[in-house]
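Below: the structure, in structure tokens.
What follows is calculated from the coordinates using simple rules that are stated; it is not laboratory data. As the structure is a prediction and not an experimental result, all values here were calculated from the model. Please note: Cβ atoms are built from the backbone with ideal geometry, for glycine as well, and neighbour counts cover all protein chains shown.
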Amino acid sequence: MYLFLAPLLIGFTLNSASAFTTFYSHHFGDKAGRLLCTILRNVLGIPVWAIGYAMAAMAPSSQLVTSSLFSSVLAWLLMISGGAVIIIGLWSLRARAAAPSMHDMLVSHGLYAYIRHPLYSGMLLELAGLFAWVPTLPMLLACLLGVLWVLLQARLEELDLLQRLPSYREYMQRVPRFVPNFKRL
């Protein structure tokens, strides 16, 4: 029943490579560091944790709450909203999203003018939607681990970005991490 934890945790660990761009670049050079980060995160990490979520969805378990039309619609709205936030965030980052490097520039336009981590905000919405769609114990555990990973990953990436982007410290003080400041909007 809990076999999904292995690919989920391995995938999260590999996906965390983007938080070590500075480390990889200093030890292996800019090009090799960028390539290593790209392979660990995009080629290995994301597909492996996605397999973990698929396994959690298929794990035999009774539902924790009864599904209804409302919960199904809510689930899809959350997952579509999260996906839209991620796509818009990726559009703002362009190549930096796939292959972070020591030569990146701070992106503070688009969604990044309102939240520092729109990709992770989108993922949090998707995780909520995923649990609403498959309300089982394995999926709850997978989604809670996903939330913990997002919180840790965002913090680790910020430590890396502080080293790579001198203006990131001021940006952190001005822009909230996951949820926009609606008063400011």
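Any idea what angle helix 5-15 forms with the longest principal axis of the chain, computed on alpha-carbon atoms, 0 to 90 degrees, nearest 10?
20 degrees
What are the residues whose amide H is under 5 Å from the amide H of Thr136, where those residues sit 5 or more places off or on another chain and H is modelled from the backbone?
Leu64
For the pair Ser108 and Ala84, what calculated FRET efficiency results from E = 1/(1 + (r/R0)^6), where r is the Cβ-Cβ distance and R0 = 22 Å, to the nearest 0.05?
0.60
Treating the angle as unsigned and between 0 and 90°, give the value, to the nearest 10°, between the Cα long axis of helix 46-58 and the longest Cα principal axis of the chain.
Compared with the principal axis, the helix lies near 10 degrees.
Between Lys31 and Ile10, what is the spin-label point distance in nm, taking each point 7 Å from the Cα along the Cα→C-beta axis?
Result for the modelled spin labels: 3.1 nm.
How much FRET efficiency would the formula 1/(1 + (r/R0)^6) give for Leu74 and Val179, where r is the Cβ-Cβ distance and R0 is 25 Å, rounded to 0.05?
About 0.85, to the nearest 0.05.
How large is the helix-only mean residue ellipticity at 222 nm for the chain, computed as the sum of -39500 (n - 2.57) over DSSP H runs with n ≥ 4, divided by its residue count, in deg cm²/dmol to the nearest 500?
The helix-only estimate for the chain comes to -21000 deg cm²/dmol at 222 nm.
Could you give the nm distance between label points at Arg94 and Leu140, where each point is 7 Å from its Cα heading toward the beta carbon?
With each label placed 7 Å out from Cα toward Cβ, I get 4.5 nm.
Quick check on packing: order 48-58, 67-77 by the mean number of other C-beta atoms within 10 Å, highest mean leading.
Descending mean neighbour count gives 48-58, 67-77.
Given 0.36 nm per residue, what is the gain on full extension from Leu151 to Tyr2 after removing their alpha carbon distance, in nm?
Value of the extension gain: 51.4 nm.
How high is the relative contact order of the chain, given as a whole-number percent (alpha carbon pairs under 8 Å, six or more residues apart)?
Taking the mean separation of contacting Cα pairs over the length of the chain, I get 28 percent.
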